[in-house]
Amino acid sequence: MSKEDKYIANSLKRGLQVIKLFDENHETLSLVEISKMLNVSRTIPYRLMFTLQDMGYVKQDPLTKRYQLTPKVMELGFSYLSSLRFPQLFQPYLEKAKDDIKASCYLSILDGTEVVYVGVASIPGLTSINVNPGLRLPAHATANGKLLIAFQSDQYINDLFKNGNLLEQFTDTTYTAKEKFMEELEQIREKGYAISKKEFRASVSSVAVPVYRNNEVFAAINVAIPANAFDSDFLEREALPTILATSKELSIF
């Protein structure tokens with residue numbers, strides 16, 4: 001055990017791990033499923049779920065005994081977003097860009113291997129992805145995610161392919177192999193923007209640009225469109241110049 005390990009609160013750590021087990025494929029979970037996913041005995045998740053239920057973050061169906069998250073869990077994410085003041089500071093710029101190009105604009109940050117959307121200026125029904133603040137998507141399969149990955153450390157990028165693993169494939173155009181993905185990241189660094197063509201959803205394409213804080217990329221602005229509803233060069237011809245101008249206004253060097 002390292003010197004720092006003795007300060008880790010394992011109960012808190014496992015409680016947060018439990019919350020992250022719930023997703024669109026696991027809207028409800030039983031104690032048995034939770035214990036298997038955490039690789040622990042059933043007594044551990046029982047105490048965790050009892051505590052989370054007492055705090056109002058989960059609820060249990062009295063008939064099935066299965067657990068599910070409650071809306072209170074969103075307070076955790078909204079507290080973070082509020083502390084960043086993204087809604088107040090960035091929203092007017094996203095709205096203007098959306099109005100100028102008549103397409104949905106988003107602001108996102110990188111968290112682990114996912115992009116988290118923290119600013120949304122969308123045109124309802126224009127894409128097949130319902131984007132709300134707090135939405136998480138796999139970074140390697142999105143324009144904004146690839147852009148943010150491109151400016152991470154070599155260690156971070158190598159860890160994506162730890163043990164020779166391929167990245168998860170979502171469509172026929174998703175980058176999954178390390179060599180091709182590294183080439184894509186190099187092109188993104190050279191061009192200063194990223195394009196995603198049907199890499200996460202076959203119906204969606206996107207372009208993304210960086211936002212800087214103290215000369216480091218800390219967020220991405222992207223425009224997402226239905227791939228078949230716009231001209232093939234729309235993203236680079238019209239959307240890209242607009243969000244580059246927006247990025248320039250929001251960046252601090």
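Each value in this text was obtained by applying a stated rule to the coordinates, not by laboratory testing. What you are looking at is a predicted structure, and each value in this text was computed from that prediction instead of being measured. Note: ideal-geometry Cβ built from the backbone for every residue, glycine included; neighbour counts use all protein chains shown.
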Going highest first, how would you order 132-140, 192-200, 227-235, 163-171 by mean Cβ packing within 10 Å? 192-200, 132-140, 227-235, 163-171
What fraction of the Cα pairs in the stretch 141-253, stated in percent, has a spacing above 17 angstrom? 55 percent
I'd like the orientation of helix 43-55 relative to the chain: the angle between its Cα long axis and the longest Cα principal axis, in ° from 0 to 90, rounded to 10. 70 degrees
Helix-derived [θ] at 222 nm for the chain: sum -39500 (n - 2.57) over DSSP H runs of at least 4, divide by residue count, nearest 500? -12000 deg cm²/dmol
Set the Förster radius R0 to 22 Å, insert the Cβ-Cβ distance between residue 36 and residue 65 as r into 1/(1 + (r/R0)^6), and round the FRET efficiency to 0.05. 0.90
Residue 159-residue 53 pseudo-label distance in nm [points 7 Å out on the Cα-to-Cβ vector]: 3.5 nm
With an 8 Å Cα cut-off and a minimum separation of 6 or more residues, compute the relative contact order for the chain in percent. 14 percent
Please report, in cubic angstrom per residue, the volume enclosed by the convex hull of the alpha-carbon atoms of the chain. 169 Å³
What is the angle, in °, between the Cα long axis of helix 86-101 and the longest principal axis of the Cα atoms in the chain? Nearest 10 is fine, range 0 to 90. 40 degrees
